[in-house]
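All of the numbers you see were taken from the coordinates with simple rules; none came from a lab. In this text the structure is predicted, and so the values were computed from the model without any measurement. Glycine also receives a Cβ, built like all others from the backbone with ideal geometry; neighbour counts cover every protein chain displayed.
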Amino acid sequence: MPFVTDDLRRAASSLSQFRRNAVSPHHERFSFPFFSGTYFSYRKIDVLRVAAIAKAASDSPSYLDVGCGYGDFLKRIREHVKNAEGLEKDAGIFYGLGVEKPDYIRIADAHWIDKKYDMVFVGWMEPGQDFRDPVAKNTDVIVTTLDQGISLAAEFDGHGFGRVARWRTPSWEDVNTEVMNRYYTKMPDERRKELAKMRGVHNLWYVYARPSAASRVRKALEAQLAGEDPRDRYGFEEVLDECGFGYLQTLESDAREPLWRVSFD
């Protein structure tokens, strides 16, 4: 659904007010993900993993980020994949607020993808939307983030793809709840700690490939993991650590697997 300009302006005004009282300049990416972040939380290791997967498909990969919004994650990818492009269907998010649209972001509906890409990244799919068919038709490699209970149409099993690997990260809501409880309420510490024990992690990263590309993708991801260094990071990652969403941390409420640990299918 396209955004209403008045709603965008009200939200932007709320962000300006939040900035005046923010404890950290990094909090807004979790409290206002539409403007300042993404609907999934990520670290630099996520960017490097996705870039490595793209490069497994081609030495100079063509890359499309579907539903990229203002391009927060896409900008990080472009530091490693120069030809990366974005697709955003709602022009109003730029023109309604006078925000300059980068040349590498195209305004179009994902149902009308008109060329092949070495890799497609699906970071967000609105509830009720399903553009798996045009995505699957135009690539051999897909990485998607799945917000449990919302973006259920982001799974590509049965579209000629097999799942190669997966890992879990917090959604922006997971982090924002802890940020708000920790820094912007008068909640007693003991109460906050009790609530933290019940939190979950609701964002899944799935790596898909057609059979012809699956082996290359897996080997590239394995090689990336072998040299992975969580100390090579973005500044905002300190918020994830402070809020109890550390690299390879296991949550009390869900001990199935540590955060950011890759499992291969």
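Each Lys or Arg adds one and each Asp or Glu takes one away; over the other residues whose Cβ falls under 14 Å from the Cβ of Glu100, this sums to 0.
Backbone geometry of the range 234-249 corresponds, through the Karplus equation with coefficients 6.51, -1.76 and 1.60 at θ = phi - 60°, to 3J(HN,Hα) couplings of 8, x, 6, 5, 4, 5, 4, 5, 4, 8, x, 10, x, 4, 6, 7 Hz, x marking Gly and Pro. Ranking Trp124, Thr5, Ser24 by Cα position along the charge dipole of the range 5-264, where only Lys, Arg, Asp and Glu carry charges on their C-beta atoms, puts Ser24 farthest toward the positive end. Classify the range 5-264: rounded, prolate or oblate, from the alpha-carbon gyration tensor (a ≥ b ≥ c, eigenvalue square roots; a/c under 1.5 rounded; otherwise prolate if a/b is larger than b/c)? The shape class here is oblate.
Entry note, the chain: the mean residue ellipticity at 222 nm calculated from DSSP H runs of n ≥ 4, each adding -39500 (n - 2.57), is -10500 deg cm²/dmol after division by the residues and rounding to the nearest 500.
Restricting the range 67-135 to trypsin sites (Lys or Arg not before Pro) that sit in a DSSP loop and have at most 13 other Cβ atoms within 10 Å of their own Cβ leaves Lys82, Lys115, Lys116. For the range 112-265, just say rounded, prolate or oblate: build the C-alpha gyration tensor, square-root its eigenvalues into a ≥ b ≥ c, call rounded for a/c under 1.5, and beyond that prolate if a/b exceeds b/c, oblate if not. It is prolate, given that a/c is not under 1.5 and a/b is the larger ratio.
Cα gyration tensor of the range 22-131, axes a ≥ b ≥ c as square roots of the eigenvalues: rounded (a/c below 1.5), prolate (a/b > b/c) or oblate?
Since a/c reaches 1.5 but b/c is at least a/b, the shape of the range 22-131 is classed as oblate.
Applying the Karplus relation 6.51 cos²θ - 1.76 cosθ + 1.60 with θ = phi - 60° to the range 40-56 yields 3J(HN,Hα) values of 10, 8, 9, 10, 4, 4, 5, 4, 5, 5, 5, 5, 5, 5, 4, 6, 5 Hz, where x marks Gly and Pro.
Peptides 91-103, 232-244: what's the order by average Cβ count within 10 Å, highest mean first?
The peptides rank, most packed first, as 232-244, 91-103.
Sparsely packed loop sites in the range 156-229 (the trypsin sites (Lys or Arg not before Pro) outside DSSP H, G, I, E and B with at most 13 other Cβ atoms within 10 Å) comprise Lys186, Lys197. Charged side chains reduced to their Cβ positions (Lys and Arg at +1, Asp and Glu at -1) give the chain a dipole of some 320 debye around its Cα centre.
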